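These notes are about the structure you will find just below.
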Amino acid sequence: MLMGKQSWVFQNKPVIAATGVTGGPFEANGKLAADFDILHDDLWIDEDSYEKAHRVLIEEACETVLKKANLQEEDIHFFIAGDLINQITPTSFSARTNQIPYFGIFGACSTSMEGLALASFMIDHGGAKNIITGSGSHNAAAERQFRYPTEYGGQKPPTAQWTVTGAGFALVKENDGTDENCPVTVSATIGKVVDMGLTDPFNMGGAMAPAATDTILAHFKDLNLDASYYDLIVTGDLGEIGRNTSYELLTNAGVKMDKEKYQDCGLLIYKEDQPVNSGASGSGCSAAVLYGHLLNQMKKGKYKRILVVATGALLSPMSFQQGESIPCIAHAVSIEMP
Amino acid sequence: MLPMFFWAFIVGGIICVIGQLLFDVGKLTPGHTLSLMVVIGAVLDGFGLYEPLIDFAGAGATIPITSFGNSLVHGALNEAERHGIVGVLTGMFEVTSSGISAAIIFGFLGALVFKPKG
Amino acid sequence: MSSKQKKKTPEQQKYDILQKKHETKRPVLKNCLRAFLVGGIICTIGQAITYFYIYFFNFTEQTAGNPTVATMVFLAMLLTGFGVYDHIGQYGGAGSAVPVTGFSNAVVSAAIEHRTEGLVLGVGGNIFKLAGSVIVFGVFAAFVVALIKTILINWGVL
């Protein structure tokens with residue numbers, strides 16, 4: 001149901017019944033390794049290209065979801081997913097494998113919440129009973145498309161971020177009371193494109209912070225809430241700079257919240273000593289951290305209500321070369337333990 | 001011989017610092033910076049300033065990419081001396097061919113032998 | 001790139017100032033020192049190789065340049081292939097990008113990366129993705145310089 005200007009409330013509280021999270025070598029050495037279902041020790045995953053390995057990460061995450069839910073592909077009505085690679089081919093090829101009717105979506109690194117919002121809406125309104133949604137990314141595949149060949153000796157500035165090699169997927173289904181101790185989606189706010197004129201592709205956090213702020217403020221306004229309603233507000237991949245910048249923007253806009261309550265998936269996933277500059281990024285970042293670590297924490301009782309705000313930078317290598325600035329977007333979904 | 005090592009280190013280092021300033025202060029991409037430096041090398045040779053730098057600093061001037069611009073101009077001018085203006089076109093790659101050929105050949109061999117490590 | 005500033009709206013300019021407060025500044029001095037060190041070392045190695053060719057292979061000071069460059073290109077190919085050059089590059093910045101080894105790394109890394117698209121379209125089509133602008137601008141600049149100089153010489157000005 002529409003609430004306010006750009007938000008939905010899911011009155012039937014769709015359930016996130018099962019999740020699957022896969023990752024690569026960097027993630028295996030990170031802080032949240034225990035929350036991954038499958039971890040690989042190299043980037044090729046026995047495939048002959050990075051893009052094919054990217055596809056495998058997505059396929060394995062989906063297979064894990066089905067196994068945990070004790071379902072088959074035939075039982076799933078829709079597959080809503082996307083990634084960062086041109087024409088979202090890794091996700092589309094995984095849809096070729098799983099043969100589930102497919103909505104390919106693109107929101108850059110905000111794809112995970114775009115998918116979860118759409119999936120929750122469809123379930124809530126009886127458009128489907130079971131939907132698998134999520135997103136993945138692959139460090140080397142993203143580097144070679146957006147920046148430089150992986151062996152190139154280019155120097156990354158301290159504002160740069162590290163694309164996660166990983167995928168996070170979830171089964172969203174009708175709430176029929178049979179799923180015990182499972183989180184539910186309660187509302188979502190769809191972001192609009194915000195462009196503050198930043199042009200440096202090595203400073204995504206700074207570019208995305210206004211979009212995150214805009215969506216969070218819209219969420220509070222549409223649902224008549226404030227930060228005190230949530231135990232945790234977590235952004236997708238703003239990194240160090242984006243988190244600090246958006247926190248200041250929110251505080252200036254009157255949002256009262258402890259900085260501890262305002263976290264970022266990109267800062268949670270890796271250890272301090274991993275060379276990731278200002279944090280992790282990638283469409284798989286928010287998905288892997290949410291569907292693994294954060295939901296596990298919710299099930300253990302650490303958080304009852306969280307707001308996940310995935311942020312994306314909607315640029316391409318060509319738009320940068322043509323002198324365009326970086327338009328960004330953020331989508332928010334609120335998740336609660338019943 | 002020893003003084004040459006010292007000057008090679010110093011001059012090579014300085015040219016690289018200029019490049020680093022173009023990266024960090026000028027916020028130029030590596031592509032822009034290197035293209036600019038190669039043009040600078042060509043212009044310096046046009047004024048007859050690069051050869052003396054090579055005599056003074058040896059590899060400190062021949063190894064940075066600026067020397068590529070210098071070599072291109074040299075090849076062009078040598079040929080133009082012998083054959084007139086058309087020599088500007090025909091002579092250009094004479095001196096630099098080893099660098100570019102080596103890069104292509106070894107690049108191709110590298111692609112056959114190595115896999116990227118991410 | 002800073003000319004874009006003039007086209008920004010007041011709101012965007014205000015954000016720019018706020019954002020810059022939080023933006024981690026590039027360690028310019030540290031980067032320059034590292035670039036100096038790495039660039040200097042690479043050139044010194046180049047000098048050693050030049051002398052090696054002069055004394056052991058009877059090249060002269062003028063002609064030793066060719067095998068020296070080819071050797072440096074080869075060494076950079078090995079370092080790139082073994083996954084070492086990108087770490088040198090992160091540390092040394094321009095110190096590893098400006099020497100001819102940086103040119104070699106640009107060519108070789110692109111070639112290695114695009115092997116997955118095949119030898120013809122992948123390697124052949126992408127090998128100069130990064131280094132191409134250096135060659136294009138080098139050649140064009142040399143053309144202009146040499147043309148001007150030749151004309152001036154022919155007119156007796158020089």
Across region C:71-102, what is the number of residues that are assigned to a helix (DSSP H, G or I), at the interface with another protein chain (Cβ under 7 Å from one of its Cβ atoms) and touching a helix residue (DSSP H, G or I) at 6+ places or on another chain (Cβ under 6 Å)?
15
Is there a residue in region A:46-55 that is more than 28 Å from C:Gly83 (Cβ to Cβ) and either away from every other protein chain (no Cβ under 14 Å) or under 18 Å from the mean Cα position of the chain (by Cα) (or both)?
no
Has region B:51-61 got at least one residue that is more than 7 Å from chain C (Cβ to nearest Cβ), over 17 Å from C:Pro99 (Cα atoms) and assigned to a loop (DSSP other than H, G, I, E, B)?
no
Looking at C:Ala48, is it more than 9 Å from chain A (Cβ to nearest Cβ) and either in a helix (DSSP H, G or I) or touching a residue at least 40 places away in the same chain (Cβ under 8 Å) (or both)?
yes
Select, from A:Asp200, A:Asp214, A:Asp195, the only residue that is within 13 Å of chain C (Cβ to nearest Cβ) and modelled with pLDDT under 95.
A:Asp200
Among strands (runs of 3 or more DSSP E) lying entirely in region A:38-147, which contain 1 or more residues that are touching a Gly at 6+ places or on another chain (Cβ under 9 Å) and surrounded by fewer than 19 Cβ atoms within 10 Å (Cβ to Cβ)?
A:102-104
Mind listing just one residue for me: the one in region A:305-331 that is over 20 Å from A:Val164 (Cα atoms) and touching a strand residue (DSSP E or B) at 6+ places or on another chain (Cβ under 6 Å) and, of those, surrounded by the fewest Cβ atoms within 10 Å (Cβ to Cβ)?
A:Arg305
Can you tell me which residue within region B:36-50, out of those that are surrounded by fewer than 24 Cβ atoms within 10 Å (Cβ to Cβ) and facing chain C (nearest Cβ under 7 Å), is farthest from C:Val136 (Cα to Cα)?
B:Gly46
Could you grab me the full set of residues in region A:233-252 that are part of a loop (DSSP other than H, G, I, E, B) and within 12 Å of chain C (Cβ to nearest Cβ)?
A:Leu238
Can C:Tyr15 be described as of a type in the set (Ser, Thr, Tyr), facing chain A (nearest Cβ under 9 Å) and over 15 Å from the mean Cα position of the chain (by Cα)?
yes
Selected residue (only one of C:Leu37, C:Leu130 is touching a residue at least 24 places away in the same chain (Cβ under 8 Å), within 8 Å of another protein chain (Cβ to nearest Cβ), crowded, with 16+ Cβ neighbours inside 10 Å and assigned to a loop (DSSP other than H, G, I, E, B))
C:Leu130
Inside region C:56-86, can you point out the residues that are more than 17 Å from the chain's Cα centre (by Cα) and buried (at least 22 other Cβ atoms within 10 Å of the Cβ)?
C:Ala64, C:Gly65, C:Gly81
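The values are calculated or read from the model by the stated rules, or taken from the named source; none is laboratory data. Predicted, not measured: the structure shown is a model, and the values here were computed from it. All Cβ positions, even for glycine, are placed from backbone atoms using ideal geometry, and neighbour counts span all protein chains on display.
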